Amino acid sequence: MANWKFSLITLLALSGLSCLASAYRVGVGRADITGPPVEINFMGYANIKQVGRGLHTRTFARAFVVEDEKGNRVAFVSADCGMMGYGLKREVVKRLQARYGNIYTIENVAISGTHTHGAPGGFLMHLLYDISILGFVPQTFEAMAQGLYLCIKRATDNLVDGRIYFSKTIVLNANINRSPTSYLRNPAEERAQYEHDTDKTLAQLRFVDKDNNLLGAFNWYAVHATSMNNTNKLVTSDNMGYAALLLEKEYNPNKMPGKGKFVGAFCSSNLGDVSPNIMGPKCSLSGNECDILTSHCPKGEGECFASGPGRDMFESTQIIGQRLAEGALSLLNEQSQESTAREVTGDVRFIHQFVDMPNYNGSTYNPLTRKLDKIRGCQPAMGYSFAAGTTDGPGAFSFEQGTTTDNPMWNFVRDFIVPPTQEDIKCHEPKPILLATGRATFPYEWQPKIVSNQILKIGDVIIAAVPCEFTTMAGRRLRNQIRAAASAAGGIDTEVIIAGLTNIYSSYTVTPEEYQAQRYEAASTIFGPHTHTIYMDVFERLTKAMMHNQTVDAGPSPPYMNDVMLSLNTGVLFDGHPIGTDFGYVKTQPHKQYGINDTVRVTFISGNPRNNLFTEKTYFSVERKINEDRWKITYTDASWETKMVWHRTNTILGFSELEIIWNISPQTLPGEYRIRHTGEYKYILGGKYPYEGLTHSFTVTED
């Protein structure tokens with residue numbers, strides 16, 4: 001009997017320890033990070049012609065904060081932006097510390113970009129990435145810095161006792177490999193371990209309170225947010241952002257986009273060679289297949305462009321976003337007896353280290369020679385195939401992917417800007433260097449040399465925050481390496497998530513085998529052929545140190561460059577309006593009646609939208625009449641169903657118009673509607689002043 005009592009007490013004690021191990025405080029938050037929607041170039045395609053002309057969907061930052069019983073805390077943010085810049089993260093942490101002290105640091109905050117190519121740029125603070133945006137854009141930087149800070153603040157303020165669940169599912173028909181010939185360079189026995197040449201797994205962290213009420217869900221999936229191509233000029237969160245809007249709409253009923261307690265995010269992963277344009281690349285004029293090695297089309301057949309699955313880029317964005325959202329919803333809607341979700345248990349840890357990549361020296365085991373090979377990083381440089389672009393967004397001139405030889409004319413241009421050294425040329429082989437960015441210092445650093453490497457551990461889930469775009473196989477190898485290191489050091493099985501484009505941006509990372517092909521991703525692997533091997537070495541070492549609760553040297557900090565930023569973007573000088581009108585005047589009124597699937601178009605005399613970004617608000621609203629005295633907002637500028645297009649009608653006099661487009665969806669209730677526009681204009685003698693415009697009412701019928 002005594003032994004039985006002892007066993008029972010032991011069992012209860014162990015049970016208590018298990019409960020304690022899974023006891024977390026969790027919080028989620030969301031904030032608007034929409035930058036200037038007009039007159040600023042978008043970040044992603046590096047297309048000088050892709051200048052913002054309006055707004056389709058607002059961009060948001062979504063955060064979760066997790067704290068264990070010992071007070072160890074981490075914060076993770078997924079932001080609707082191309083990628084993250086270190087200067088921006090540093091500013092966010094600075095604002096957090098001003099409010100919370102040292103609870104948040106560079107080490108325990110990770111900020112990842114969804115990789116939308118449809119949001120204003122000018123925030124990365126490295127010349128190569130900001131040059132197509134015409135330099136640094138303070139308005140973009142401030143909108144993002146405040147929104148990123150605010151979403152973490154809200155997650156912190158929302159901390160409650162709760163639990164976390166991990167689950168995953170397969171999502172097909174949402175991505176393809178855009179460099180399949182490079183992928184085939186990886187060993188056959190390695191490729192045989194995987195069914196597909198892209199990752200199809202959607203991984204989800206679900207956050208609930210102690211009463212099992214759903215708080216949020218963060219989902220990682222490998223796909224470029226490039227359903228919207230480089231002809232798009234409306235701010236958009238693209239397929240990942242649309243998936244988030246759908247998920248949040250499901251759990252925040254009757255709330256406007258970006259509002260409501262539930263936070264649903266879709267986060268980037270190892271998407272380097274992964275495209276959402278699943279119909280594949282075709283020659284734009286002839287419709288014929290592109291050359292599979294070079295992604296080149298014969299003369300007269302146009303550019304090699306991938307598209308699909310929709311009839312246009314808007315429908316393609318919807319379809320991919322819907323497939324991602326359905327995958328996430330399938331996990332959230334699983335019945336308990338069918339659920340693949342398991343509760344996350346264990347403590348919270350984190351580790352971070354800056355690494356000077358060009359000066360990294362190490363060794364790695366070569367299974368072919370059975371010897372240790374020395375590895376080293378190179379000074380940053382971009383190869384010829386970088387200028388060829390991708391099938392998601394072709395480049396310029398006559399550059400082709402897969403280029404491994406140089407050209408005297410382009411070498412002359414390169415050397416005129418800044419020449420690489422012979423050591424650089426040898427270090428990067430077989431990449432022919434087009435831009436020796438690591439040697440360029442005027443007017444400031446062109447690409448980073450010091451990168452951020454970070455791991456967040458939440459129980460038995462590890463998030464590897466990488467500072468670039470890992471390709472499919474590069475990510476798979478890193479996941480396996482971290483999982484093995486965690487098992488060896490801590491004796492636990494872990495789920496490893498690759499969080500891409502996090503903390504600082506340093507272009508791409510391919511496997512050493514893929515590097516030899518020198519397609520776009522390899523040409524953009526800026527630290528040379530050993531880049532991936534270095535990351536494998538660094539993250540293995542960090543994982544082991546973290547599992548042993550050891551500290552590591554912080555490494556050299558990236559340079560502070562805020563005070564040397566340059567910009568060719570001009571501010572708003574003044575706004576004007578034609579004689580006989582005023583700001584807010586409705587130039588084009590709606591028709592009296594519309595049906596389902598019709599499109600409403602109205603036009604207002606407006607000021608420049610850059611005068612006020614209406615952060616956490618809206619430039620316009622579609623309102624439905626409830627009774628004689630009350631109208632209810634049914635759609636805003638964050639809604640998928642609406643678009644805002646700004647037209648400059650007279651540059652000298654400062655005239656402009658704002659066109660608001662509403663596609664009436666089948667879910668729209670019949671009734672009486674009107675459209676309201678709110679803006680600010682800049683007076684020629686100084687000062688900004690608000691204005692408002694309101695259309696006539698019109699009827700929407702069911703027919």
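Can you tell me the length gained on complete extension of the stretch residue 689 to residue 334, counting 0.36 nm per residue apart and subtracting the Cα distance? Don't skip to the end; give the middle numbers.
On the way: separation 355, 0.36 × 355 = 127.80 nm, distance 5.17 nm.
Contour length minus Cα-Cα distance gives 122.6 nm.
Derived scalar couplings between HN and Hα for the range 270-284 equal 7, 9, x, 10, 10, 10, x, 8, 6, 6, x, x, 9, 6, 5 Hz in order, rounded to whole Hz, by the Karplus curve 6.51 cos²θ - 1.76 cosθ + 1.60 (θ = phi - 60°), x for Gly and Pro. Given +1 at the Cβ of Lys and Arg, -1 at the Cβ of Asp and Glu and no other charges, the dipole of the range 183-230 around its Cα centre is 100 debye to the nearest 20.
Dipole orientation for the range 552-703: of the candidates 621, 647, 670, 647 has the Cα lying most toward the positive pole (charges on Cβ; Lys, Arg +1; Asp, Glu -1).
Charge dipole of the chain (Cα centre as origin; +1 on each Lys and Arg Cβ, -1 on each Asp and Glu Cβ, all else neutral): 980 debye, rounded to the nearest 20.
In this structure, the amide hydrogen of residue 272, modeled 1.01 Å from its nitrogen in the peptide plane, lies closer than 5 angstrom to those of 470, 471, 472, counting only residues at least 5 positions away or on a different chain. The range 158-202 has equivalent-ellipsoid semi-axes of 33, 13, 10 Å, by the square roots of 5 times the alpha carbon gyration tensor eigenvalues, sorted largest first. A simple spin-label model places the labels of residue 347 and residue 562 3.4 nm from each other, with each point 7 Å out along Cα-to-Cβ.
So which trypsin sites (Lys or Arg not before Pro) in the range 286-370 pass both tests, a DSSP loop state and at most 16 other Cβ atoms within 10 Å of the Cβ? Within the range 286-370, the qualifying trypsin sites (Lys or Arg not before Pro) (loop, at most 16 other Cβ atoms within 10 Å) are 299, 311, 370.
Taking the range 231-267, which trypsin sites (Lys or Arg not before Pro) meet the DSSP loop condition and have no more than 16 other C-beta atoms within 10 Å? Walk me through the intermediate numbers first.
Values: sites: 233, 249, 255, 259, 261; in loops: 233, 255, 259, 261.
Taking the range 231-267 and a limit of 16 other Cβ atoms within 10 Å, the loop trypsin sites (Lys or Arg not before Pro) found are 255, 259, 261.
Using only the Cα atoms, what convex hull volume per residue in Å³ does the range 604-699 have? Don't skip to the answer; put the middle values down first.
Working: hull volume 10.9 nm³, N = 96.
Roughly 114 Å³ of hull volume per residue.
Amide hydrogen proximity for residue 574: with H placed 1.01 Å from N in the peptide plane, no residue at 5 or more positions away or on another chain lies under 5 Å. Counting only Cβ charges, +1 for Lys and Arg and -1 for Asp and Glu, the dipole size of the range 44-91 around its Cα centre is about 320 debye.
Couplings for the range 345-354, taken from phi via the Karplus curve 6.51 cos²θ - 1.76 cosθ + 1.60 with θ = phi - 60°, read 10, x, 7, 9, 9, 7, 8, 8, 8, 7 Hz in order; Gly and Pro are left as x.
Before I look further, what does the chain give for accessible area per residue, probe 1.4 Å, in whole square angstrom?
Working: 28680 Å² over 703 residues.
Accessible area per residue, the chain: 41 Å².
Put the Cα centre of the range 146-177 next to the Cα centre of the range 394-453 and the gap is 37 Å. Counting only protein heavy atoms and using a 1.4 Å probe, the accessible area of residue 290 comes to about 20 Å². Rounded to the nearest 0.05, the FRET efficiency derived from the C-beta distance between residue 630 and residue 210 at R0 = 51 Å is 0.85.
What is the projected area of the convex hull of the Cα atoms of the range 448-583, averaged over all directions, in nm²?
On the way: hull surface 55.5 nm².
Spelled out: convex hull of the Cα atoms, projected over all directions, averaged, 13.9 nm².
If you compute volume of the Cα convex hull per residue in Å³ for the structure shown, which of [x] 267; [y] 195; [z] 178 do you land on? Derived directly from the coordinates: [y].
For the range 162-220, the list of GluC sites (Glu not before Pro) that fall in a loop by DSSP and count at most 16 other C-beta atoms within 10 angstrom reads 195. Within the range 366-406, which residues have the backbone N less than 14 Å from the label spot 7 Å out from residue 181 along Cα→beta-carbon, could you tell me? In the range 366-406, the label zone of residue 181 (backbone N under 14 Å from the point 7 Å along Cα→Cβ) covers 385, 391, 400-405.
When Rg and the Kirkwood Rh are both derived from Cα coordinates, the Rg/Rh ratio for the range 348-423 amounts to 1.11. Among the protein heavy atoms of the chain, carbon and sulfur supply 53% of the accessible surface, probe 1.4 Å, non-protein parts ignored. Would you please classify the overall shape of the range 233-328 from the alpha carbon gyration tensor, given that a ≥ b ≥ c denote the square roots of the eigenvalues, rounded means a/c under 1.5, and beyond that prolate means a/b larger than b/c while oblate covers the rest? Taking the square roots of the gyration eigenvalues as a ≥ b ≥ c, the range 233-328 is prolate.
The values are calculated or read from the model by the stated rules, or taken from the named source; none is laboratory data. The shown structure was predicted, so the numbers you read here are calculated from the model rather than taken from an experiment. Virtual Cβ from ideal backbone geometry, glycine too; neighbours counted across all protein chains shown. Ligands, DNA and RNA are excluded from the accessible area calculation, which covers all protein heavy atoms including side chains. Shrake-Rupley method; radii C 1.70, N 1.55, O 1.52, S 1.80 Å.
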